[in-house]
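The values are calculated or read from the model by the stated rules, or taken from the named source; none is laboratory data. All figures in this text were calculated on a predicted structure; none of them were measured in a lab. Reconstructed Cβ throughout: ideal geometry from the backbone, glycine too, with neighbour counts over all protein chains shown.
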Amino acid sequence: MGLVGKIEYGTWKDGSSIYKDSKGYYYVAVNAEGMYKKYLKSWKPAKDAPKLCLVNKRWKTCKGKKTKRKTRRL
């Protein structure tokens, strides 16, 4: 089980990165016992904030998926 996701949605107050899984948005917190996921109940990313994707072991900005129409509507 990995603690870090492949898409970074933003940063938290302490500078740590925010990721998302099936339970919601979280950041990785550290205490004396080790690392764990700290879930954010009411946090949502800004609409205009860029997302970062992990591609070939490098963080790059994610591009939106483009959809193509199969048939032309008149």
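Descriptive notes on the structure:
- Filter result for Y27 (in contact with a Ser or Thr (Cβ under 8 Å, 6 or more places away or on another chain) and hydroxyl-bearing (S, T, Y)): yes
- In this structure, K20 qualifies as modelled with pLDDT of 85 or more and either of a type in the set (D, E) or not in a loop (DSSP other than H, G, I, E, B) (or both).
- Selection over region 44-56 of residues that are closer than 16 Å to K20 by Cα and in a strand (DSSP E or B) gives a count of 3.
- Search result, residues across region 57-74 that are under 14 Å from the mean Cα position of the chain (by Cα) and not in a loop (DSSP other than H, G, I, E, B): W59, K60, T61
- Verdict on V4 being part of a loop (DSSP other than H, G, I, E, B) and of a type in the set (A, V, I, L, M, F, W, C): yes
- Looking across G34, G5, G10, one residue alone is of a type outside the set (S, T, N, Q), modelled with pLDDT under 90 and exposed (fewer than 14 other Cβ atoms within 10 Å of the Cβ). It is G34.
- Among residues of region 37-58 that are more than 16 Å from Y27 (Cβ to Cβ), those with a Cβ under 8 angstrom from a residue that is modelled with pLDDT of 85 or more and among the polar types (S, T, N, Q), sequence gap 6+ or separate chain, pair up as P50/T61; C53/T61.
- Evaluation of C53 against (1) closer than 17 Å to G10 by Cα; (2) exposed (fewer than 10 other Cβ atoms within 10 Å of the Cβ); (3) modelled with pLDDT of 85 or more (one fails), failing number: (2)
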